[in-house]
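The structure appears right after this line, and notes come after that.
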């Protein structure tokens with residue numbers, strides 16, 4: 001009965017590879033997010049989708065491409081991985097994109113690029 | 001633009017000590033304010049929130065009051081436990097923006 005789930009939990013790969021991280025929420029929420037957390041725990045939003053429509057697209061290299069096949073899923077594809085992409089990536093969801101709305105986070109995917 | 005500044009860590013306390021983690025913000029309009037907590041190896045989870053001035057959010061013995069005059073949302077707990085060891089994030093969501101802005105996080109360690 002996990003609310004927000006991500007796969008895989010750990011991802012170790014070589015520079016230059018392409019990889020995907022998947023996220024699913026079973027809360028019936030309309031809005032989903034991707035965050036990147038660096039080694040110092042600093043958390044930065046990357047993308048947000050509302051009902052499959054992209055509403056936030058922060059300054060992120062275009063090697064990162066989100067895809068939302070339906071409002072319960074938001075996947076993140078990364079091309080040509082670089083050392084600096086190593087981080088923990090969190091998916092989150094909220095009922096709507098409202099100022100007071102709580103965000104529910106997944107357990108994170110730790111990406112290590114060698 | 002909107003921003004959040006929170007007390008740098010790490011903070012180390014003994015069990016049953018009083019906790020304060022400072023958080024101040026800069027925002028236009030009337031943002032909502034949040035405290036999220038991240039336990040080791042997990043994602044963030046909401047600890048408490050306040051959506052207007054003078055509101056007090058509370059949960060699990062933690063409290064924070066939305067102070068517009070000092071633009072602050074300090075987190076307090078009267079008696080901490082070892083299980084409170086985690087990273088705490090102050091955050092705000094602006095009245096017209098749709099993205100949440102997090103502070104840099106404060107690592108809290110509680111000694112038995």
- Task: Report the residue count in the stretch B:53-67 for those that are outside any strand (DSSP E or B) and either facing another protein chain (nearest Cβ under 9 Å) or under 12 Å from the mean Cα position of the chain (by Cα) (or both).
- Result: 1
- Message: Restricting to the stretch A:65-114, count the residues that are within 11 Å of the chain's Cα centre (by Cα) and without any contact (Cβ under 8 Å) to a residue 24 or more places away in the chain.
- Response: 2
- Just give me the residues in the stretch B:39-52 being within 13 Å of the chain's Cα centre (by Cα) and either part of a loop (DSSP other than H, G, I, E, B) or in contact (Cβ under 8 Å) with a residue 40 or more places away in the chain (or both), in sequence order. B:44, B:47
- Query: What residue, among those in the stretch A:58-100 that are surrounded by fewer than 17 Cβ atoms within 10 Å (Cβ to Cβ) and part of a helix (DSSP H, G or I), is farthest from the other protein chains (Cβ to nearest Cβ)?
  - Reply: A:83
- Query: Only one residue in B:36, B:25 is more than 13 Å from chain A (Cβ to nearest Cβ), within 14 Å of residue B:90 (Cα to Cα), assigned to a strand (DSSP E or B) and in contact (Cβ under 8 Å) with a residue 12 or more places away in the chain. Which one?
  - Reply: B:25
- Query: Pick from B:18, B:73: which is at pLDDT 95 or above, more than 9 Å from chain A (Cβ to nearest Cβ) and surrounded by fewer than 19 Cβ atoms within 10 Å (Cβ to Cβ)?
  - Reply: B:18
- Test: residue A:25 is out of contact with any helix residue (DSSP H, G or I) (no Cβ under 9 Å at 6 or more places or on another chain), within 14 Å of chain B (Cβ to nearest Cβ), crowded, with 18+ Cβ neighbours inside 10 Å and within 14 Å of residue B:44 (Cα to Cα): no
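The values are calculated or read from the model by the stated rules, or taken from the named source; none is laboratory data. What you see is a predicted model, and the numbers here were worked out from it, not measured in a lab. Note that each Cβ is placed from the backbone with ideal geometry, even for glycine, and that neighbours are counted across all protein chains shown.
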